[in-house]
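Asker: Dropping a structure here in structure tokens format, bear with me for questions.
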2 protein chains.
Amino acid sequence: MARKINFYAGPAGLPLPALERAQKELLDFENTGMSVMEISHRSKEYDKVHNEAIELTRELLGVPDNYKIMLLQGGGNLQFAMLPMNILHGGKKADYIVTGQWAKKAFKEAKIVAGDNARCVCNMEGEKFNRLPRPEEIKINPDAAYVHICSNNTIFGTQWKNWPDTKGIPLCADMSSDIMWRPIDVKDFAFIYAGAQKNLGPSGLVVAIMRNDFLEMCSDKLPSMLQYRIHADKNSLYNTPPCFSIYILRNVLAYNKSIGGLGAIYKNNLKKGELLYGCIDKHADFYKPFVAVKEDRSYMNINFFLPTEELTTKFIDEAKKNNMVGVKGYRDVGGIRISAYNAVSVSDIEALVSFMEDFVKKSG
Amino acid sequence: MARKINFYAGPAGLPLPALERAQKELLDFENTGMSVMEISHRSKEYDKVHNEAIELTRELLGVPDNYKIMLLQGGGNLQFAMLPMNILHGGKKADYIVTGQWAKKAFKEAKIVAGDNARCVCNMEGEKFNRLPRPEEIKINPDAAYVHICSNNTIFGTQWKNWPDTKGIPLCADMSSDIMWRPIDVKDFAFIYAGAQKNLGPSGLVVAIMRNDFLEMCSDKLPSMLQYRIHADKNSLYNTPPCFSIYILRNVLAYNKSIGGLGAIYKNNLKKGELLYGCIDKHADFYKPFVAVKEDRSYMNINFFLPTEELTTKFIDEAKKNNMVGVKGYRDVGGIRISAYNAVSVSDIEALVSFMEDFVKKSG
């Protein structure tokens with residue numbers, strides 16, 4: 001079967017060369033006579049993969065030396081709890097900006113951990129998360145130990161382009177659905193974390209990046225697996241890591257580097273957005289975008305509605321016939337959602353736009 | 001390169017047919033035109049794999065209907081904390097039997113969570129963990145909410161063949177290094193958990209089996225990812241599971257079923273033990289077993305010492321030349337450790353024994 005054009009929201013498509021590399025050596029990793037899945041995590045062969053994944057993350061994102069990179073388990077969801085468990089001890093407080101379903105979940109978990117010491121300082125749910133807050137809508141408390149945002153709203157399709165001004169308070173971001181979509185200045189953050197399963201690799205792996213002074217604030221009274229300090233001190237080898245997922249991460253990052261790094265990837269993503277939003281805006285009476293403010297639109301997840309439910313169903317069915325999967329909107333939103341992560345190519349989007357143009361002609 | 005004979009303690013060898021199946025369909029899973037890594041965890045294609053992994057676990061281990069099977073992340077180490085976090089609320093207490101490094105770690109994490117409410121009721125460290133306790137050495141408290149054991153001591157090579165009599169108190173077992181090595185009666189346990197990376201699949205996945213009444217005792221006040229009840233209620237799809245690891249688990253279990261299930265596997269393991277311990281006992285002056293009591297010897301991890309450090313190094317080097325890896329003992333123990341998990345075949349052990357016989361002849 002020909003490879004599909006994969007618009008799943010996550011787990012999502014991965015770069016073909018990264019998978020081909022894995023397939024080729026699945027039974028014999030670098031002449032070891034074993035699969036990379038079968039090798040001790042304390043072996044020199046695995047160690048090389050592990051460190052390469054970390055070093056490529058540092059190189060591609062430009063992570064400064066005063067930040068630790070950790071490879072963790074439990075998805076973004078466990079981070080929602082680990083962050084407040086580690087930082088909000090001794091009565092410390094934190095501010096949450098709620099711009100979508102995942103930001104809301106992060107806040108909910110922080111409430112479980114810290115009760116009223118976790119505060120929501122901006123909630124866009126009243127407007128169905130269809131835009132991001134303007135600076136004057138965010139009231140950060142000066143006593144906050146950190147401010148938490150979700151950089152890209154996977155479900156509703158908004159994406160921060162400029163970070164909120166926290167006035168020096170450490171900024172923490174869940175970047176699960178847009179990490180490495182473009183170059184960023186890591187120095188703007190005290191903590192970045194991302195589930196791998198959108199832009200980085202398979203599910204079951206989280207990449208976390210923490211500034212040393214923030215790491216110093218972390219509790220050392222928690223169960224070992226929940227302590228960032230232990231994972232950082234042990235180079236994410238305190239326990240057996242998810243070795244195969246880290247191996248695929250390494251393959252994806254090595255591929256990303258080979259095509260020119262985040263600069264080249266950003267250029268592709270801008271082009272993809274231009275093509276797809278261009279088509280949507282051109283047919284604004286037919287393809288109605290969910291997001292109300294153009295600047296807030298996501299380049300990773302693009303939501304729009306068709307005039308009727310019947311047309312939506314037809315769109316999904318015909319997309320499938322045209323080799324495209326994963327275009328159905330999230331259950332709470334409906335309509336169409338195109339997830340266009342890094343592994344989605346410009347030509348994939350060209351194929352989609354051509355399909356959308358035809359669809360308007362036939363049905364508009 | 002020819003496949004190695006893999007004696008790693010974990011991650012360890014996997015059945016070749018399970019890996020070949022993965023390799024074959026790595027770029028195109030069941031005619032989807034996508035890798036199983038690239039498919040939404042909410043898709044019907046992934047759902048089938050997920051449920052098959054759970055059902056095969058139920059079938060192979062004979063898990064009764066009043067037990068839930070969960071697929072979790074964070075390794076055995078996170079379970080060391082989750083179990084007391086979930087059960088030891090409201091002043092509840094638990095008893096730990098410490099027979100090795102992992103049992104000791106489980107107790108240490110329980111102490112972090114529950115302080116003095118986690119009690120060590122038997123500690124074999126004074127004898128360097130070289131045997132299991134006799135029944136009269138274990139003093140279980142009648143007020144314990146559970147008793148915790150580690151069924152196989154990976155590092156020192158002891159293995160419980162008969163469970164301690166808890167007089168009706170729920171028994172919980174870390175079976176990371178020997179789950180499915182033989183048929184067991186799951187009804188003897190309230191909770192069983194196992195990191196996948198020894199007998200079941202790749203690292204980054206835990207199989208957990210909990211009796212419904214024990215599940216009812218679990219806290220609903222914890223962060224969501226740390227609540228067993230949520231994972232059980234959501235069929236381990238509360239968040240994105242480690243899909244590829246679960247897929248490999250499915251492949252391994254399907255293979256295990258195809259060769260006759262745990263009855264056949266047990267027969268192989270008994271044969272392997274008979275061959276290897278037979279050789280050790282035959283040359284008792286040369287190969288000195290670490291474990292002091294024959295009945296306590298593990299069929300999964302076999303530790304022995306050679307007369308000198310030089311011979312140990314030579315043994316490791318020559319084993320490597322004979323296509324065998326992972327025979328070096330754990331750093332705290334030294335000597336030789338052979339891990340002979342399910343994927344190690346009788347003929348692998350025959351090759352090892354033949355090598356060991358030659359080695360004695362040359363060096364003894």
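Asker: With runs of 4+ DSSP H residues as the only contributors, calculate the mean residue ellipticity of chain A at 222 nm using -39,500 (n - 2.57) per run, divided by the residue total and rounded to the nearest 500.
Answerer: It comes out at -12000 deg cm²/dmol, rounded to the nearest 500.
Asker: Can you list, shortest first and in nm, the gaps between the label point of B:Lys271 and those of its counterparts in the other copies, using a point 7 Å from Cα in the C-beta direction?
Answerer: 5.9
Asker: Also, quick follow-up: Other chains near A:218-228: what is the mean number of their Cβ atoms within 10 Å of each residue's Cβ?
Answerer: 4
Asker: Greater than 23 Å separation of Cα atoms is the criterion. Which listed pairs, A:Lys24/B:Lys4; A:Lys68/B:Lys111; B:Lys288/B:Lys362, meet it?
Answerer: Values: A:Lys24/B:Lys4 17 Å; A:Lys68/B:Lys111 28 Å; B:Lys288/B:Lys362 17 Å.
Beyond 23 Å between Cα atoms: A:Lys68/B:Lys111.
Asker: While we're on this one: Under the convention of a label 7 Å out along Cα→Cβ, give the distances in nm from A:Lys321 to the same position in every other copy, shortest first.
Answerer: 6.8
Asker: Take peptide A:203-212, look around each residue's Cβ out to 10 angstrom, count Cβ atoms belonging to other protein chains, and average those counts. Don't skip to the end; give the middle numbers.
Answerer: Values: counts 13, 13, 3, 1, 0, 0, 0, 0, 0, 0.
The shielding value for this peptide is 3.
Asker: Further question on the same structure: Over region B:261-363, what is the relative contact order in whole percent, taking alpha-carbon pairs under 8 Å and six or more residues apart? Numbers along the way, then the final one.
Answerer: Working: 107 pairs, mean separation 32.3, N = 103.
Across region B:261-363, relative contact order equals 31 percent.
Asker: Using a Gaussian network model on chain B with a 10 Å cutoff between Cα atoms, which of B:Thr240, B:Thr99, B:Thr158 fluctuates the most?
Answerer: B:Thr240
Asker: Related question: Greater than 31 Å separation of Cα atoms is the criterion. Which listed pairs, B:Lys139/B:Lys187; A:Lys92/A:Lys328; B:Lys48/B:Lys93; B:Lys105/B:Lys361; A:Lys257/A:Lys282, meet it?
Answerer: Over 31 Å apart, Cα to Cα: A:Lys92/A:Lys328; B:Lys48/B:Lys93; B:Lys105/B:Lys361; A:Lys257/A:Lys282.
Asker: I'd like the distance separating the alpha-carbon centroids of region A:11-87 and region B:54-94, in whole Å.
Answerer: When both Cα centres are located, 27 Å separates them.
Asker: Could you compute the net charge surrounding A:Phe304? Neighbours are other residues with a C-beta less than 9 Å from the C-beta of A:Phe304; K and R count +1, D and E count -1. Walk me through the intermediate numbers first.
Answerer: On the way: positive: A:Lys288, A:Arg337; negative: none.
For residues surrounding A:Phe304, the net value is +2.
Asker: Taking square-rooted eigenvalues a ≥ b ≥ c of the alpha carbon gyration tensor, is chain B rounded, prolate or oblate, where a/c under 1.5 means rounded and, failing that, a/b exceeding b/c means prolate? Could the numbers behind the result be given before it?
Answerer: Working: a/c = 2.10, a/b = 1.17, b/c = 1.79.
Verdict is oblate for chain B.
Asker: Related question: Just to check I understand the Karplus step: with θ = phi - 60° and J = 6.51 cos²θ - 1.76 cosθ + 1.60, what whole-Hz values come out for region A:329-344, glycine and proline as x?
Answerer: Once θ is set to phi - 60°, the couplings for region A:329-344 become x, 5, 4, 7, 10, x, x, 10, 10, 9, 9, 10, 5, 3, 6, 7 Hz.
Asker: Taking a ≥ b ≥ c as the square roots of the eigenvalues of the Cα gyration tensor of region B:160-294, is the shape rounded (a/c under 1.5), prolate (a/b larger than b/c) or oblate?
Answerer: Prolate, because a/c is 1.5 or more and a/b exceeds b/c.
Asker: Once fully extended, how much extra length lies between B:Glu295 and B:Glu136, figured as 0.36 nm per residue of separation less the alpha-carbon to alpha-carbon distance? Before the final figure, lay out the partial values.
Answerer: Details: separation 159, 0.36 × 159 = 57.24 nm, distance 1.65 nm.
Working it through step by step, the gained length comes to 55.6 nm.
Asker: Counting only other residues whose beta carbon sits under 9 Å from that of A:Lys93, what net charge do I get with K and R as +1, D and E as -1?
Answerer: -1
Asker: When Cβ neighbours within 10 Å are restricted to other protein chains, what is their mean count per residue of peptide B:238-248?
Answerer: Shielding by partners across B:238-248 averages 6.
Asker: If you average the sequence gap of Cα pairs under 8 Å that are 6 or more apart and divide by the length of chain B, what percent do you get for the contact order?
Answerer: Values: 669 pairs, mean separation 83.2, N = 364.
It comes to 23 percent, rounded to a whole number.
Asker: Any idea how far apart B:Asn51 and B:Thr313 come out in nm if each label point goes 7 Å out from Cα toward Cβ?
Answerer: Roughly 5.8 nm, to one decimal.
Asker: Add +1 for every Lys or Arg and -1 for every Asp or Glu among the other residues with Cβ under 9 Å from the Cβ of B:Val327, and state the total.
Answerer: +3
Asker: Here's something else I'd like to know. List the trypsin sites (Lys or Arg not before Pro) within region B:292-364 that DSSP assigns to loop and that have no more than 10 neighbouring Cβ atoms inside 10 Å.
Answerer: B:Arg331
Asker: Still on this structure, please answer the following. Roughly how many Å is it from the Cα centre of region A:149-174 to that of region A:259-274, as a whole number?
Answerer: When both Cα centres are located, 20 Å separates them.
Asker: Calculate log10 I(q)/I(0) of region B:50-167 for q = 0.10, 0.21 Å⁻¹, where I(q) comes from the Debye formula with a single equal point scatterer on each Cα and nothing for solvent.
Answerer: Values returned for q = 0.10, 0.21 Å⁻¹ are -0.34, -1.24.
Asker: Can you list, shortest first in nanometers, how far B:Asn235 lies from the same residue in the other copies, with each label 7 Å from Cα toward Cβ?
Answerer: 4.2
Asker: GluC sites (Glu not before Pro), restricted to region B:266-364: which are DSSP loop and have at most 15 other Cβ atoms within 10 Å? Walk me through the numbers before you get to the answer.
Answerer: Details: sites: B:Glu274, B:Glu295, B:Glu309, B:Glu310, B:Glu318, B:Glu350, B:Glu357; in loops: none.
Sites meeting the loop and neighbour criteria: none at all.
Readers should treat all values here as calculations from the given coordinates under stated rules, not as data from a laboratory. Quantities reported herein were computed from a predicted structural model and do not represent experimental measurements. Neighbour counts are summed over all protein chains in view; Cβ atoms, including those assigned to glycine, are modelled from backbone coordinates with ideal geometry.
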